[in-house]
Amino acid sequence: MGNNILIKFIKDHKFSYIIGIIFMLLASYIQTLFPKVLGYTIDILQTNGFNPKSVYINLVYIVLIAIGTFVCTYAWRNLVIGNSRRLECHFREKLFDHFQKLSPEFYNRRKTGDLIAYAINDINAVRMTFGPATSMAINGMVVCVISIYSMANTINWKLTLLSLLPVPFIICIMFYIGNIVKKHFRKVQETFAAISDRVQENITGIRVIKAYVQEDGEVKKFQKLNDQMLEANLNMVRVSAYLAPLIELCFTISFVLNLIWGGNMVLNGSISLGGFIAFNGYLAMILAPVLSIGQVITIFQRGMASLDRLNEIFNVKPHVKDGESRAEFPAQSTIIITELSFSYPGSDSEALSNINLVIPTGKTLGIIGKTGSGKTTLVNLLLKMYNVEPNKIAFNEIDINDFKLDALRNGFGFVPQDNFLFNASIAENIKFFKNIYSEEEVVNAARNSCVYQNIMDLPDEFETILGERGVNISGGQKQRISIARALIKNPEILVFDDALSAVDTVTEAEILKNLRKVRKNKTSIIVAHRISAVMEADEIIVLEKGKISERGTHLELLEKEGLYHEIYKFQFGAS
Ligand SMILES: Nc1ncnc2c1ncn2[C@@H]1O[C@H](COP(=O)(O)OP(=O)(O)OP(=O)(O)O)[C@@H](O)[C@H]1O
Ligand SMILES: [Mg+2]
């Protein structure tokens, strides 16, 4: 998948790549003219009674070579390096898009910091490969081929071969070292991911850390990871540090051999001084690309390691399968749950077992039960946050799996147990960045969730920017803003997963009263721990270890004298 993205991008941008590469070839070619012109000029200067005009012409050539190299290099860098930046942007967009599609289960398993590392480091490594490294490689090859050819042409093949004797060794060394670097780089990326994860988790949990005076402990844990990263980096440097000096050493040998033999040839007059200088100019010209082969190989190795990592992520399929046939959620739908059992992926115990339930349209269902009894699991399955087996959940007799996921979820207004506010204004949080709602609707939603007055007391009212995760307002206010977000949708089915847990009983009663008004003919599901939140519901189910242990209206359940009655007695202090 990652490879496909890459190939498609290159295909889509083939013209700019081709033109860029043509300019690159031109730039490399023009560059290699320099030693030749320099050699000519020196030979002219050496002849007795030379014509100054021919020296001037050669000087003009040198200036033209510089200008030509400048123009062509500018053009190819803009095209090829520009494309690598576009590739980076494109890749990141695709990755983000992919992240949006993956199921909650994926995020249960993966660490946030790790995922951030993919989006930043790995994509950057891929960019480096398909931009700077590729161009260095092409440029290097052209310069080498032309230089070697010119060396042989200006002097002879023997001296050329002798001077280039160390090159094959250099290349072998570089491949060998490059391979080791690749392994170390993977380790570096992994430790980076661990560090970014640590930082992310630490910042998110900073309030808990402070409350438990764990700052020093956190710093120690961080130091350990940081040391690991240093170690991984040093391991890489220890190997890669060999590259440049080894190559320079080899080249020094080249120059020595060449000076001995070539110098003799100049002395005995078999070649001109200008020719010898041109020859050395070419040899020096080869030095740069050969030196950069090391860098190119390292960047390529890193890029490939990162592309492998990205491929692994791109190959993760969304766990929850999208339905195909239904693009609309039915209005006035009755929810029918038949023999529904569910285990979380990777767990052998059932979080829900054999649930049978009918929620007629327009009715309110209350769900009550001890913690861990399966309440959240049940409502999450209604929104198909996990795969649901066929014929277990239906809306108006249409199986849940027939719906397109977005159609299904658009039918719901969901206030999750761990509600989340974005770092944006309150109004934007309620509208959820959709501009389809009027100001009046926003105000009404806030009034119905009993948070209007709180908002009006804030300095910028609805325009108050909430800090990250809504940290600058109280827990109860946060929860009620989340309720307003669900109410403004006026959804077919409203689901509160313990959404009244952080409000006082008086406000709870008021919100419930408002709900009865605005949800008159629409279905609502209220999960709660407090009896007071569900007692007015048309039907209440009591969940115990994933099973429905009791069901009925408030009065019926009280008569049964089961768990519901027990909770009631405990909460109301009466029998
Ligand atoms: N992502 C998960 N992976 C594996 N098991 C899970 C996962 N989420 C919940 N469980 C397990 O499923 C069972 C039901 O959990 P659930 O969250 O539905 O309980 P709950 O009734 O909503 O509890 P609470 O009142 O505390 O919110 C629990 O035993 C829990 O350990
Ligand atoms: Mg829950």
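Taken together, the values in this text are just the output of simple stated rules run on the coordinates, not laboratory data. What you are looking at is a predicted structure, and each value in this text was computed from that prediction instead of being measured. Glycine also receives a Cβ, built like all others from the backbone with ideal geometry; neighbour counts cover every protein chain displayed.
You can think of it this way: the chain between T204 and D402 has 67.5 nm of extra reach, that is 0.36 nm per residue less the Cα-Cα gap. The phi-based Karplus calculation (6.51 cos²θ - 1.76 cosθ + 1.60; θ = phi - 60°) puts the 3J(HN,Hα) values of the range 322-339 at 7, x, 10, 7, 10, 9, 10, 8, x, 6, 6, 9, 8, 8, 10, 10, 10, 6 Hz, whole numbers, x for Gly and Pro.
Past the 28 Å Cα-Cα mark, which pairs from K434/K517; K489/K513; K101/K431; K94/K392; K384/K431?
Numbers: K434/K517 25 Å; K489/K513 18 Å; K101/K431 22 Å; K94/K392 34 Å; K384/K431 23 Å.
Beyond 28 Å: K94/K392.
Please identify which residues in the range 271-311 have an amide N closer than 16 Å to a label point set 7 Å out from the Cα of N179, following the Cα→Cβ vector. What the label zone holds, given the 16 Å backbone N cut-off, is 297-298, 301-302, 305. If R0 is 41 Å, the Cβ-Cβ spacing of S549 and M304 corresponds to a FRET efficiency of close to 0.15. Projecting the Cα atoms of M456, S549, Y564 onto the charge dipole of the range 440-575 (Cβ charges, centred on the Cα centre) puts S549 farthest toward the positive pole. Our Cα-only numbers for the range 7-128 put the radius of gyration and Dmax at 24.7, 86 Å. With only the Cα atoms considered, the chain has a convex hull volume of 214 Å³ per residue.
Note down the Stokes-Einstein diffusion coefficient of the range 348-456 in µm²/s, whole number, using a Kirkwood radius over alpha carbon pairs, 37 °C, and 0.692 mPa s. Write out the running numbers ahead of the final one.
Details: Rh = 16.8 Å.
My calculation gives 196 µm²/s for D.
Find the percent of Cα-Cα distances in the range 478-522 that exceed 18 Å, and round it to a whole number. When every Cα pair of the range 478-522 is considered, 20 percent fall beyond 18 Å.
Counting only aspartates and glutamates at least 8 places from K183 when in the same chain, those with an alpha carbon closer than 16 Å to its own are D122, E231, D308.
Compared with the alpha-carbon gap, the fully stretched path from L259 to K14 is longer by 83.7 nm at 0.36 nm per residue.
By how many nm would the segment from L59 to N490 grow when fully extended, if each residue of separation counts as 0.36 nm and the alpha-carbon distance is taken off?
Values: separation 431, 0.36 × 431 = 155.16 nm, distance 7.99 nm.
Stretched fully, the L59-N490 segment lengthens by 147.2 nm.
Between the residues S482, F433, I465, the greatest Cα displacement towards the positive end of the dipole of the range 420-490, with unit charges on the Cβ of Lys, Arg, Asp and Glu, is found for S482.
For the range 102-152 versus the range 239-270, the spacing of their alpha-carbon centroids is 32 Å. What separates the Cα centres of the range 168-227 and the range 502-547 is a distance of 47 Å.
Beta carbons within 10 angstrom, averaged per residue: use that to sort the peptides 363-374, 393-404, 235-246, 42-53, highest first.
On the way: 363-374: 20.2, 393-404: 18.5, 235-246: 15.4, 42-53: 11.2.
Packing proxy ranking, top to bottom: 363-374, 393-404, 235-246, 42-53.
Residue-normalised convex hull volume from the C-alpha trace of the range 439-575: 129 Å³ per residue. Tell me whether the range 420-490 comes out rounded, prolate or oblate; compute the Cα gyration tensor, take square roots of the eigenvalues as a ≥ b ≥ c, and use a/c under 1.5 as the rounded threshold. Rounded is the answer for the range 420-490, as its axis ratio a/c remains below 1.5. To the nearest 10 degrees, how steep is helix 166-204 against the longest Cα principal axis of the chain, on a 0 to 90 scale? Approximately 30 degrees, to the nearest ten. Spacing of the modelled spin labels on S353 and K370, each 7 Å from Cα toward Cβ, amounts to 1.5 nm.
How large is the dipole of the chain about the Cα centre if only Lys and Arg carry +1 and Asp and Glu carry -1, each at its Cβ, rounded to the nearest 20 debye? Walk me through the numbers before you get to the answer.
On the way: 59 positive and 55 negative charges, 367 e Å.
Dipole of the chain, to the nearest 20 debye: 1760 debye.
Using only alpha carbons, build the gyration tensor for the range 2-314 and give me the equivalent ellipsoid semi-axes, biggest first, whole Å.
Details: eigenvalues 504, 110, 49 Å².
After scaling each eigenvalue by five and taking roots: 50, 23, 16 Å.
With a Förster radius of 30 Å applied to the beta-carbon distance between N387 and K520, the computed FRET efficiency rounds to 0.35.
In plain terms, the residue of I359, I253 with the fewest other Cβ atoms within 10 Å comes first and the most crowded comes last, giving I253, I359.
Compute the FRET efficiency between E461 and E561 as 1/(1 + (r/R0)^6), taking r as their Cβ-Cβ distance and R0 = 45 Å, and round to the nearest 0.05. Intermediate values should be presented prior to the final figure.
Values: r = 50 Å, r/R0 = 1.10.
For E461 and E561, the calculated efficiency is 0.35.
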